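Here the structure is laid out as C-alpha cells; the discussion comes afterwards.
The values are calculated or read from the model by the stated rules, or taken from the named source; none is laboratory data. Keep in mind that what you see is a predicted model, and the values were worked out from it rather than measured. Positions of Cβ are generated from backbone atoms using ideal geometry, with glycine treated the same way; all protein chains shown enter the neighbour counts.
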C-alpha cells in the first residue's frame with residue numbers, strides 16, 4: 001500500500017513538473033521558471049518524505065558540476081554563430097550556395113549534407129549551429145519555408161546522436177549497455193537504414209512539390225548585396241573545413257569550437273576590416289546585419305553570449321531537476337513497476353521504448369534515459385534472449401531520437417536559441433525523428449512474430 005501511494009505521488013510530481021514547463025510555453029514565460037518551479041515542487045515533496053535538504057542540494061550541485069562541459073559548449077555555440085556571421089564565413093557559404101544550388105532539390109540536399117556532416121562532427125547541435133545555419137540562410141533566400149528547411153536539417157543532424165563514433169551519446173550508450181561499437185552499428189543498421197531511406201524519399205518529394213521557385217535574377221541580386229557588405233572569398237571556407245577535419249580526427253568539441261571562434265575573430269579583423277573591439281561586441285551581443293535588404297537582414301543575425309544566458313539557466317534548471325529525480329530514486333520504481341509486467345520479448349522492447357521516451361520527456365535530456373535503462377534493463381533483455389545490442393538500439397532509436405521534438409528538451413531549447421524557431425514549428429517536418437521510433441517498433445514486432453515472441457510463446 002505504501003509503495004502504491006508513493007508511486008501515485010511520483011506520478012503526480014512528474015505530471016506537475018511537465019505542466020509547469022508546458023505552461024511556460026502557453027503563456028510565453030521563460031522556460032527556466034518552469035524548471036525551477038519543478039525543482040521547488042519536487043524538493044518540498046521529498047522533504048516531507050524525509051530526505052535531507054543538504055543532501056538534495058548536493059545532488060543538484062553535483063549534477064550541475066557534471067555538465068560544465070555542456071555549459072561551455074552552449075557558450076561556444078552562441079559565440080561561434082555570431083563570429084562566423086561577422087567574419088563573412090556564413091555569408092560566403094550562402095553566396096556560393098546561391099551559385100551552385102540553382103538546379104538541385106535543396107530540401108533533399110539539406111538532409112543529405114547535414115546527415116554526412118553530423119556523423120563526421122559527432123554533434124547534432126554543433127552541426128546545426130555551423131553548416132545548418134548556412135543552409136537555413138540559403139534556403140530562406142530561395143523562398144523555402146523555414147520550418148521545412150529546419151525539419152530537414154534537424155533530421156540529418158540528429159543522425160549523429162545515433163551513429164557517429166565520436167558522438168558523446170553514442171559512446172555513452174555503448175558504454176552503459178556494455179556493447180562494442182561495431183556490434184552496435186550492425187544492430188542499428190537494421191533500423192537506421194530503412195529510416196534514412198524513407199526520410200530521404202519524403203524530403204525529395206517535398207523538395208520537388210512543396211517549395212518555391214526563385215528567379216535567377218533574384219539570386220544574383222542577393223549575391224550582389226552580399227558582395228557589397230562582405231569581402232567574399234573561398235579562403236574563408238578553409239576555417240569550416242578545418243573544423244570538420246578536426247572532428248574527423250577526434251579532436252574534442254571544446255577545442256574544435258574554440259578554434260572555430262578564434263579563427264573567426266581573426267578572419268573578421270583581417271578580411272572584413274572589423275576592429276577587434278567590434279568583434280568582441282559581436283561575441284557578447286550577437287551579430288545583426290543591417291544592409292537594408294529585408295530578406296538578408298532576417299537571415300544574417302543571431303548568436304552571442306548574452307542571448308545564451310537564458311539557455312544556460314534553462315539547462316541548469318533541467319539538470320537540477322533531473323539530478324534530483326535520479327538521486328532520490330524517484331524514477332527507478334516507476335521503471336521497475338512498468339517493466340515487471342512484460343511477459344514477452346516484444347512487450348519488453350515496447351516498454352523499454354516507451355520508458356526511453358518518457359525519461360527524455362521528464363528529464364529534459366537523453367542522458368538520464370541512456371544511463372538508467374542501459375544499466376537496469378541488461379539482465380531483463382538477456383533473460384528474454386534479446387541481447388544487449390538490441391537494448392542499445394532501442395534506446396538510440398526512441399528516447400535519443402525524439403529529443404528535438406520536445407519543446408522543453410535541452411536540444412530543442414538550444415535549437416531555438418540558434419535559429420529562433422520552436423520545436424512546435426519544425427517538428428512536423430523533422431521526419432526522421434518522427435518515423436524513426438515507429439519503424440523501429442514495427443520491425444521489432446515483425447521480428448517478434450517470426451521468432452514466436454509476439455505473445456504466443
Subject >> Checking residue 349 against (1) over 30 Å from residue 260 (Cβ atoms); (2) assigned to a helix (DSSP H, G or I); (3) at pLDDT below 85, the condition it does not meet >> reply: (3)
Original post:
Does segment 135-150 hold any residues that are assigned to a helix (DSSP H, G or I) and either out of contact with any helix residue (DSSP H, G or I) (no Cβ under 7 Å at 6 or more places or on another chain) or within 24 Å of residue 83 (Cα to Cα) (or both), and which are they?
Top reply: 135, 136, 137, 138, 139, 140, 141, 146, 149, 150
Subject >> Given (1) over 24 Å from residue 23 (Cα atoms); (2) modelled with pLDDT under 95; (3) touching a helix residue (DSSP H, G or I) at 6+ places or on another chain (Cβ under 9 Å), number of the condition residue 431 does not satisfy >> reply: (2)
Subject >> Residue list for segment 151-189, restricted to those being in contact with a helix residue (DSSP H, G or I) (Cβ under 7 Å, 6 or more places away or on another chain), in contact (Cβ under 8 Å) with a residue 24 or more places away in the chain and more than 18 Å from residue 115 (Cβ to Cβ) >> reply: 172, 173, 174, 176, 177, 178, 179, 183, 184, 187
Original post:
Looking at residue 410, is it at pLDDT 90 or above and buried (at least 19 other Cβ atoms within 10 Å of the Cβ)?
Top reply: no
**OP:** Test residue 176 against the criterion of being at negative phi, under 24 Å from the mean Cα position of the chain (by Cα) and at pLDDT below 90, and give yes or no.
**Re:** yes
Original post:
Applying the selection to segment 243-263, what residues are at pLDDT 85 or above and touching a helix residue (DSSP H, G or I) at 6+ places or on another chain (Cβ under 7 Å)?
Top reply: 258, 259, 260, 261, 263
**OP:** Quickly run through segment 368-383 and pick out the residues that are closer than 10 Å to residue 335 by Cβ and over 23 Å from the mean Cα position of the chain (by Cα).
**Re:** 376, 377
Original post:
Given the structure, is residue 132 at pLDDT below 80, part of a helix (DSSP H, G or I) and buried (at least 24 other Cβ atoms within 10 Å of the Cβ)?
Top reply: no
Subject >> Residue match in segment 90-104 (condition: in a helix (DSSP H, G or I), more than 24 Å from residue 204 (Cβ to Cβ) and modelled with pLDDT of 85 or more) >> reply: yes
Original post:
Within segment 324-341, can you find the residues that are in a loop (DSSP other than H, G, I, E, B) and within 26 Å of the chain's Cα centre (by Cα)?
Top reply: 330, 331
